[in-house]
1. Using a cut-off of 12 Å between beta-carbons, work out the net charge of the residues near Ala67 (Lys and Arg +1, Asp and Glu -1, Ala67 not included).
2. Per residue, how many Å² of accessible area does the range 23-150 show with a 1.4 Å probe?
3. Just name one of Thr98, Phe69, Ala119: the one whose Cα is farthest towards the positive end of the charge dipole of the range 56-133 (beta-carbon charges, Lys/Arg +1, Asp/Glu -1).
4. Starting at the first residue of the range 129-145, write each ³J(HN,Hα) from the Karplus equation 6.51 cos²θ - 1.76 cosθ + 1.60 with θ = phi - 60°, in whole Hz, x for Gly and Pro.
5. May I ask you to give the percent of accessible area on the range 37-150 that is carbon plus sulfur, with a probe radius of 1.4 Å?
6. Which residues in the range 110-150 have a backbone N closer than 16 Å to a point placed 7 Å from the Cα of Thr26 along the Cα-to-Cβ line?
7. Apply the Karplus parameterisation 6.51 cos²θ - 1.76 cosθ + 1.60, with θ equal to phi minus 60°, to every residue of the range 105-119 and state each ³J(HN,Hα) to the nearest whole Hz, in sequence, with x for glycine and proline.
Amino acid sequence: MVRAATAAFTAVFFSASYALGQNALTVGQPVEAAIAAGAAHEYTIALDAGDYVAGAVDQRGITVLAAVFTPDGPRLRNFGGPRDGTRTLAFIAERAGTYRLELRAPSVEEAAQLGGSQADTGTYELKLLERLSFEERMKSQPHQDRYASP
């Protein structure tokens, strides 16, 4: 009985510490992690209104779904893509705040209901490739003649 209670407490403690210590994402710094079918991992990124963020999730042996949530909680968007390989991510922050990116591996049963299959475990690499402010995106580029004569 004591062992079961200790094991349950340990599991809850580590789950809570993982949730509280959500990983903050940084452009150019990849995050690699193992994930099991039915599990979800969360990451955060602080953005200003109008910021554009682009990234990718390299799925390795398991399907990983991605979604981004606004600072006040609602889902901003889901990211489609292939069941394996690289899933691209891109969105614009509607307002300033800390956005949450959720990576979720569907359970084996959920994948079967959707007509697919799912491995029990796998890994992924998450990488933010670009973050541009509204001002950076709106800068005019110098004109370049496409057909310049030598």
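1. +3
2. Result: 58 Å² per residue.
3. It is Thr98.
4. For the range 129-145, the Karplus curve yields 9, 7, 9, 10, 6, 4, 5, 5, 5, 8, 4, 7, 8, x, 5, 10, 6 Hz.
5. Reported share for carbon and sulfur atoms: 50 percent.
6. Label zone hits: 126-131.
7. With coefficients 6.51, -1.76 and 1.60, one gets 9, x, 5, 4, 5, 4, 5, 5, 5, 8, x, x, 10, 8, 6 Hz.
The values are calculated or read from the model by the stated rules, or taken from the named source; none is laboratory data. Because the structure is predicted, anything quoted here is derived from the model rather than measured. Every residue, glycine among them, receives a Cβ derived from its backbone with ideal geometry; neighbour counts consider all protein chains shown. Note: accessible area is taken over every heavy atom of the protein model, side chains too, but ligands, DNA and RNA are not part of it. Shrake-Rupley method; radii C 1.70, N 1.55, O 1.52, S 1.80 Å.
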